[in-house]
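Each remark here refers to the structure printed beneath this line.
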There are 2 protein chains.
Amino acid sequence: MAFELHHRLAADCFLIGDFSLCRALLVDDNRFPWCILVPRRAALCDLHDLAETDRAALFDEIDVVSRVLKELHGADKINVAALGNQVPQLHVHVISRRVDDAAWPGPVWGVGTAVPYAEGLAEAAQLKQAFKL
Amino acid sequence: MAFELHHRLAADCFLIGDFSLCRALLVDDNRFPWCILVPRRAALCDLHDLAETDRAALFDEIDVVSRVLKELHGADKINVAALGNQVPQLHVHVISRRVDDAAWPGPVWGVGTAVPYAEGLAEAAQLKQAFKL
């Protein structure tokens with residue numbers, strides 16, 4: 001079975017590009033610099049479904065995204081989470097948080113209403129370059 | 001500098017035991033089978049602060065906790081998250097979720113009021129055995 005991006009992720013995000021393991025997405029919510037990494041493997045649901053041989057790559061890719069978001073946006077904290085209650089396909093949120101952001105100190109999920117980017121494609125292109133994809 | 005568990009984590013959780021890398025805690029909230037893994041390293045804040053040499057152990061320990069919670073509680077989904085907006089010490093939540101739980105399909109943080117365990121020490125002891133600690 002081939003990997004196929006879940007339609008909800010495709011609808012809610014801009015494509016940044018593909019790391020060796022994950023597809024990198026930018027959530028279309030200008031309030032938080034917020035990426036999602038989706039391992040390009042079929043039929044994964046929970047984090048522990050990931051093959052052991054893919055774990056190092058996932059960690060490396062989380063590391064790259066975290067450091068870039070922190071550098072670009074002056075994050076006070078990086079939130080990393082694999083939840084998947086609403087979209088069952090395994091995906092990992094990497095979110096740059098600041099003490100003055102719209103949800104601090106709570107988590108971002110379900111808080112208020114997303115503010116779409118004016119230039120989401122440009123933002124995704126900038127991240128693609130920063131991630132060296 | 002030696003590892004010392006953050007006082008908020010110590011206050012809100014029962015001690016389960018120590019894996020090779022992490023201290024395993026049980027959050028005192030009977031609504032959700034909810035563990036926290038705290039790498040026993042000083043001065044870690046974000047997930048990407050973890051040394052590369054410790055990553056495999058963290059993943060292994062998340063894997064053990066996830067599988068045990070899923071087995072014991074018939075989880076529909078396991079949520080794994082390193083947030084740390086309120087407690088800056090790096091810690092990883094591993095939470096067993098069911099479609100009939102008090103927060104589904106949202107995340108558990110900040111939802112309602114924690115329901116303390118009647119027998120938290122016994123629950124922690126059961127998990128210690130299941131985690132083979």
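The values are calculated or read from the model by the stated rules, or taken from the named source; none is laboratory data. Bear in mind the structure is a predicted one, so any value in this text is a computation, not a measurement. Methodologically, a virtual Cβ is constructed for each residue, glycine included, from the backbone with ideal geometry; neighbour enumeration extends over all protein chains shown. Side chains are part of the model used for accessible areas, which takes the heavy atoms of the whole protein and leaves out ligands, DNA and RNA. Shrake-Rupley method; radii C 1.70, N 1.55, O 1.52, S 1.80 Å.
Just one of the numbered conditions (1) at the interface with chain A (Cβ under 9 Å from one of its Cβ atoms); (2) surrounded by fewer than 16 Cβ atoms within 10 Å (Cβ to Cβ); (3) at pLDDT 95 or above is not true of B:G110: (3). Within the range B:7-46, the set of residues being out of contact with any strand residue (DSSP E or B) (no Cβ under 8 Å at 6 or more places or on another chain) and in contact (Cβ under 8 Å) with a residue 12 or more places away in the chain comprises B:R8, B:S20, B:D29, B:N30, B:R31, B:R41, B:A42, B:A43, B:L44. Would you pick out the residues in the range B:74-100 that are open to solvent by 50 Å² or more (accessible area, probe 1.4 Å) and not acidic (D, E)? Correct list: B:Q86, B:P88, B:R98, B:V99. Selection of first residues in the range B:67-90 that are at the interface with chain A (Cβ under 9 Å from one of its Cβ atoms) and among the aliphatic types (A, V, I, L, M) and of second residues that are assigned to a loop (DSSP other than H, G, I, E, B) and open to solvent by less than 10 Å² (accessible area, probe 1.4 Å), restricted to Cβ pairs under 6 Å at least 6 apart or on distinct chains, gives the following pairs, ordered by first then second residue: B:I78/A:D46. Would you confirm whether any residue within the range B:32-47 is among the charged types (D, E, K, R) and closer than 26 Å to A:V68 by Cβ? Yes: the range B:32-47 contains one or more residues that are among the charged types (D, E, K, R) and closer than 26 Å to A:V68 by Cβ. Screening A:A103 with (1) open to solvent by 40 Å² or more (accessible area, probe 1.4 Å); (2) more than 8 Å from every other protein chain (Cβ to nearest Cβ); (3) in contact (Cβ under 8 Å) with a residue 60 or more places away in the chain gives one miss only, at (1).
Output the number of residues of the range B:11-21 satisfying the condition of being part of a helix (DSSP H, G or I) and either of a type in the set (F, W, Y) or over 12 Å from the mean Cα position of the chain (by Cα) (or both). Break it down into steps so the answer makes sense when it comes.
Taking the range B:11-21 as the starting set, the residues that turn out to be part of a helix (DSSP H, G or I) are B:11-12.
If we keep only those that are either of a type in the set (F, W, Y) or over 12 Å from the mean Cα position of the chain (by Cα) (or both) as well, we get B:11.
Selection size over the range B:11-21: 1.
When the range B:40-56 is filtered for residues that are within 15 Å of the chain's Cα centre (by Cα) and within 20 Å of A:E52 (Cα to Cα), only B:L47 remains. Give the number of residues within the range B:19-59 that are out of contact with any Asp or Glu (no Cβ under 6 Å at 6 or more places or on another chain), crowded, with 17+ Cβ neighbours inside 10 Å and within 9 Å of chain A (Cβ to nearest Cβ). Of the residues in the range B:19-59, 6 are out of contact with any Asp or Glu (no Cβ under 6 Å at 6 or more places or on another chain), crowded, with 17+ Cβ neighbours inside 10 Å and within 9 Å of chain A (Cβ to nearest Cβ). Kindly evaluate A:A24 against the criterion of being touching a Phe, Trp or Tyr at 6+ places or on another chain (Cβ under 7 Å) and modelled with pLDDT of 95 or more. So A:A24 fits the description; yes.
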